[in-house]
Amino acid sequence: MKQYAIVGASAAGLSCAKTLRTLDPDCEITLFTDEPFLPYSRPIISYYLKDKVQADQIYLQPSDFYTKHRIRVRTNTRVAAVQTGTLTTEGGETLKFDKILLATGSVPFVPPMENVGAQENVFTFLTMREAERLKAYAKPNMHAVIIGAGLIGLKAAEGLRPLVESVTVVELADKVLPSILDDEAAKTVRAHLDANGVETLLGDTVVRAEGEKTITAVTLKSGKTLPCDLLVLAVGVRPNTVLAERAGAEVNRGITVNRDTMETTVPGVFAAGDCVRSYDILDGQEKIIALWPNAVREGMTAAYNMAGQEHKDTGSFAVNAIDFFGLRICTCGLIRAEGATVLTREGEGFCKRLLVKDNRLVGFVLLNASERAGIYTALIQNKVDLNTLSGDLLDEPGLMLFSREVRTEKLTGGVRV
Amino acid sequence: MKKVIAREALCLDCKLCEVFCRTAHSKSKDVVRAHLYEDPAPVARITVEGDILDSVAVNCRHCDDPACVNACITGAMHKDPETGIVSCDESRCIGCMTCLAVCPVGCIKPGRTAVKCDLCQETGEPACVKNCPNRALVYVEVGGDAQ
Ligand SMILES: Cc1cc2nc3c(=O)[nH]c(=O)nc-3n(C[C@H](O)[C@H](O)[C@H](O)COP(=O)(O)OP(=O)(O)OC[C@H]3O[C@@H](n4cnc5c(N)ncnc54)[C@H](O)[C@@H]3O)c2cc1C
Ligand code: SF4
Ligand code: SF4
């Protein structure tokens, strides 16, 4: 009987475990996590913060799922090291496994700042534990400062808004959501945040904090001082590669994996999710794509290859849907590409931007215009020649863009009736 | 599993499938009340695309390897291993629309939660199929990974 170990019980880890179970009904699967929880939805923590979701609603699967599928989840168990065939926990147990997956995800990136660290009111926003701590600490008279206007920083801002007196987000770049939005779309989002009581300070960052046990104020690069009763560090995340490095695997920002199989340079040790360097099928570059669907797909691919079944990964691209205070943002693919043209349509409360290169759709940004966005995503993923389509691409997309044959194939999967 | 298959050549663009889908997913289950008086207004999970010259009804394919389920960030979207039906557990959905962003036929509707076809699980026969006047929609066994 095969024995599999998975380090990290989140998007990539759970999807690997589920896939392994469908491929091999007899194998033994152990998931290790240093968190105290069964696998939960990491993106849901901002909804927990603002009380839209309760603590018992964060889980990806009901707890009997793991007994039913004989997946052993070892919570509160940090793995200290892995090697081909063995795994050592921090408690000192050494266990034998046929194949091991590293699904260790991301850790917060914290830039150096003077006098920021040990105080009780400094938070990150990556785990349920931190969200719980933040929720317990936040009081209606407090001024919150968040460093970083990326996805995680803005989700923290939205979650905190109803709990405190004021929320100010400080961002070093000259726009909000700098890694997914173009300038114009970012302006719209910023105005919307402002209208909902979240102030954003751009082109600036925190350099120093006042207060020993508790932070009371922060000083910005511009010299400005902000009152601060709680500080959230959300500058960014970086891949958690500690175990891979200890195992002697190649790491270059993210863990290096075989792009087809997800195996690392250490035989029998695989890696998937936020901790790896993914291959972007749109520009051929290797990069960190720290998004949920990507982690799930890579976890599945790893499972097939760990079980010895041939299965090539289809490759990555970014696709992301989020909303902030009711403004829907949906983005996919590249935000800029050399030699690309941008098709734009704007109107009252919505905006659509499609990036076209070599007659292929390579990216989009949709604000309050995500209807049937999956059609665009499929055009990007399948690199469909836009000359084969009919109709205006900027209209709400649909299957009528395709020829009748293609459309019928998509709808019937070849079934004739 | 059994799926709803559209026969494009027979579609009249009458949109009765939309009407009866909306009614089947309403509180009152009454055509008139569902259309005029319910708040929130019930949403049709099938959409007739095109125009009078060429139209086709599009709803969920209950895919064997569903992109929406793989992308769902909360576990709300799931495929029933016995029936093969892909549905959204609305009590766990946060309405992020990641599923919508990856569905290749564009059949998920935005709302407070993701809204999509559930093949009328409760009644056993999809309302769209039952009420199509020209049999442009049929409910047939098509194989796939759930029988
Ligand atoms: C607030 C927030 C909102 C987000 N919103 C979205 C969104 O809307 N859409 C989207 O696509 N993505 C979103 N993301 C990103 C998404 O959550 C990640 O891409 C995804 O969680 C990556 O999954 P993963 O399995 O690779 O790693 P992670 O989810 O990071 O999990 C890794 C796990 O491994 C554990 N671990 C690490 N080292 C060890 C060890 N040595 N021993 C034992 N356990 C270990 C960690 O504690 C952690 O539990 C969001 C993230 C956050 C924080
Ligand atoms: S919603 Fe879309 S992706 Fe999901 S099962 Fe239906 S057709 Fe497939
Ligand atoms: S909208 Fe709901 S079902 Fe769709 S991905 Fe988000 S949480 Fe999952």
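The values are calculated or read from the model by the stated rules, or taken from the named source; none is laboratory data. Keep in mind the model is a prediction, meaning the values are calculated, not measured. Every residue, glycine among them, receives a Cβ derived from its backbone with ideal geometry; neighbour counts consider all protein chains shown. The protein model used for the area step is the full one, side chains on, heavy atoms only, and it has no ligands, DNA or RNA in it. Shrake-Rupley method; radii C 1.70, N 1.55, O 1.52, S 1.80 Å.
In deg cm²/dmol, rounded to 500, what helix-only [θ] at 222 nm does chain A give when every DSSP H run of at least 4 residues adds -39500 (n - 2.57) and the total is split over its residues? Please list the in-between numbers first.
Details: 10 runs with 94 residues, N = 417.
Using -39500 (n - 2.57) per qualifying helix, the result is -6500 deg cm²/dmol.
Can you give the accessible area of A:LYS352 in Å² (nearest 10), computed on protein heavy atoms with a 1.4 Å probe?
10 Å²
So, R0 is 56 Å and r is the distance between the beta-carbons of B:ARG135 and A:GLU28; what FRET efficiency does that work out to, to 0.05?
Efficiency, rounded to the nearest 0.05: 0.65.
Suppose accessible area is computed on protein heavy atoms with a 1.4 Å probe; arrange B:ASP13, A:ASP280 from highest to lowest. Intermediate results must be reported in sequence, preceding the final value.
Values: B:ASP13 30, A:ASP280 5 Å².
Heavy-atom accessible area, descending, gives B:ASP13, A:ASP280.
Leaving out ligands and nucleic acids, and using a 1.4 Å probe, what accessible area per residue does the protein assembly as shown come to in Å²?
Ligands and nucleic acids excluded, the figure is 43 Å² per residue.
Using only the alpha carbons of segment B:67-116, what is the convex hull's orientation-averaged projected area in square nanometres?
Numbers: hull surface 12.6 nm².
Seen from a random direction, the Cα hull of segment B:67-116 projects 3.2 nm² on average.
Straight-line reach only, C-alpha to C-alpha below 16 angstrom: list the aspartates and glutamates that A:LYS155 could link to, leaving out same-chain residues fewer than 8 apart.
The qualifying aspartates and glutamates are A:ASP51, A:GLU130, A:GLU132, A:GLU171, A:ASP194, A:GLU199, A:ASP323.
Where does the charge balance sit around A:GLU310 when Lys and Arg score +1, Asp and Glu -1, over other residues with C-beta under 14 Å from its C-beta?
So the surrounding residues net to -2.
Would you work out the charge dipole size for chain A about its Cα centre, treating the Cβ of every Lys and Arg as +1 and the Cβ of every Asp and Glu as -1, and quote it to the nearest 20 debye?
Values: 47 positive and 51 negative charges, 124 e Å.
For this selection, approximately 600 debye.
Along Cα→Cβ, 7 Å out, is where each label goes; now give me the distance between the ones at A:ASP385 and B:ASP54 in nm to one decimal.
Each label point is offset 7 Å from its Cα along the Cβ direction, giving 1.8 nm.
Rounded to the nearest 0.05, what FRET efficiency do B:CYS14 and A:ASP260 give with R0 = 45 Å and r taken as the Cβ-Cβ distance? Could you check? List each step's numbers first, then the result.
On the way: r = 49 Å, r/R0 = 1.08.
Computed FRET efficiency for B:CYS14 and A:ASP260: 0.40.
Report the relative contact order of chain A, percent, no decimals, based on alpha-carbon pairs under 8 angstrom and at least 6 residues apart. Kindly include the intermediate steps, with their values, before the conclusion.
On the way: 924 pairs, mean separation 58.2, N = 417.
Here the relative contact order equals 14 percent.
Ignoring ligands, DNA and RNA, what percent of the 1.4 Å accessible area of the protein assembly as shown is carbon and sulfur?
50 percent
For segment A:199-316, taking Cα atoms only, what is the radius of gyration to one decimal and the Dmax to the nearest whole Å?
Rg and Dmax of segment A:199-316, Cα atoms, are 19.9, 59 Å.
Just by accessible area at a 1.4 angstrom probe, what is the order of A:VAL110, A:VAL257, A:VAL198 from largest to smallest? Mind showing how you got there, number by number?
Numbers: A:VAL110 75, A:VAL257 20, A:VAL198 0 Å².
Per-residue accessible area, sorted high to low, gives A:VAL110, A:VAL257, A:VAL198.
Contour minus end-to-end for A:THR94 and A:ASP51, with contour as 0.36 nm per residue of separation and end-to-end as the Cα-Cα distance? Walk me through the numbers before you get to the answer.
Details: separation 43, 0.36 × 43 = 15.48 nm, distance 4.12 nm.
So the extension gain works out to 11.4 nm.
Positive end of the dipole of segment B:1-103, charges at C-beta (+1 Lys, Arg; -1 Asp, Glu), about the Cα centre: which of B:SER87, B:ILE5, B:LEU100 has its Cα farthest in that direction?
Of the options given, the answer is B:SER87.
If I stretch the segment between A:LYS221 and A:GLU338 completely, what's the gain in nm (0.36 nm per residue apart, minus their alpha carbon distance), one decimal?
Going from the current span to full extension adds 38.8 nm.
What is the dipole size for segment A:326-411, taken about its Cα centre, with +1 at each Lys and Arg Cβ and -1 at each Asp and Glu Cβ, in debye to the nearest 20? Don't jump to the answer; show the numbers that get you there.
Values: 12 positive and 11 negative charges, 41 e Å.
That gives segment A:326-411 a dipole magnitude of about 200 debye.
Taking 32 Å as the cut-off for C-alpha to C-alpha distance, list the pairs among A:LYS99/B:LYS2; A:LYS50/A:LYS96; A:LYS175/A:LYS383; A:LYS52/B:LYS29 that go past it.
Where the Cα-Cα span goes over 32 Å, the pairs concerned are A:LYS99/B:LYS2; A:LYS50/A:LYS96.
Compute the distance from the alpha-carbon center of segment A:362-409 to that of segment B:112-147, in whole Å.
24 Å
Could you order A:GLU396, A:GLU171 so the one with the most accessible surface comes first? Probe is 1.4 Å. Walk me through the numbers on the way to the answer.
On the way: A:GLU396 100, A:GLU171 20 Å².
In descending accessible area the options line up as A:GLU396, A:GLU171.
Any chance you could list P(r) for chain A, counting all Cα-Cα pairs in 20 angstrom bins from zero, rounded to whole %?
That works out to 24, 54, 22, 0, in percent per bin.
Give me the inter-chain shielding for B:63-73: mean count of other chain Cβ atoms within 10 Å, whole number please.
4
Could you tell me, in Å, what Rg and Dmax come out for the Cα atoms of chain B?
For chain B, the Cα-based Rg and Dmax read 14.9, 41 Å.
Using only the Cα atoms of segment A:326-411, each taken as one equal point scatterer with no solvent, compute I(q) by the Debye sum, divide by I(0), and report log10 of the ratio at q = 0.17, 0.22 Å⁻¹.
-0.67, -1.09
With a 10 Å cut-off between alpha carbons and a GNM built on chain A, which of A:GLU405, A:GLU371, A:GLU286 moves the most?
Answer for the Gaussian network model of chain A: A:GLU405.
Quote the total accessible area buried by chains A and B together, excluding ligands, DNA and RNA, probe 1.4 Å, nearest 100 Å². Could you put the intermediate results ahead of the total?
Details: alone 19400 and 8020 Å², together 24350 Å².
Buried area between the two chains comes out at roughly 3100 Å².
Given Cα positions, please report Rg to Rh for segment A:122-235, the hydrodynamic radius being the Kirkwood one.
Here Rg/Rh amounts to 0.95.
What spacing in nm lies between the two simple spin-label points modelled at B:ASP30 and A:GLN83, each 7 Å away from Cα in the Cβ direction?
7.5 nm
Anything losing 50 Å² or more of accessible area from the isolated chain to the full protein assembly: pick those residues out of segment B:1-36, probe 1.4 Å, ligands and DNA/RNA ignored.
B:ILE5, B:GLU8
Provide Rg and Dmax in Å for segment A:17-98, with only Cα atoms included in the calculation.
15.1, 44
For segment A:281-366, what is the charge dipole size about the Cα centre, in debye to the nearest 20, if Lys and Arg each add +1 at the Cβ and Asp and Glu each add -1 at the Cβ?
My answer is approximately 200 debye.
Which FRET efficiency, nearest 0.05, do A:ASN359 and B:GLN121 yield, Cβ-Cβ r, R0 41 Å?
That pair, A:ASN359 with B:GLN121, gives E of 0.45.
Positive end of the dipole of chain A, charges at C-beta (+1 Lys, Arg; -1 Asp, Glu), about the Cα centre: which of A:THR22, A:LEU151, A:TYR4 has its Cα farthest in that direction?
Looking along the dipole axis, the top candidate is A:THR22.
Could you work out the local net charge near A:PRO178, counting Lys and Arg as +1, Asp and Glu as -1, over the other residues with Cβ closer than 13 Å to its Cβ?
Spelling it out: positives minus negatives among the neighbours equals 0.
Rolling a 1.4 angstrom probe over the protein chains, ignoring ligands and nucleic acids, what is the accessible area of B:CYS72 in square angstrom, nearest 10?
Probe radius 1.4 Å; accessible area of B:CYS72 about 20 Å².
For the pair A:ALA173 and B:ASP39, how long in nm is the line joining their label points, each one 7 Å along Cα→Cβ?
According to this spin-label approximation, the distance is 4.1 nm.
Taking a virtual spin label 7 Å from the Cα of A:GLN3 along the C-beta vector, which residues in segment A:57-86 bring their backbone nitrogen under 12 Å of it?
It comes to A:85-86, nothing else.
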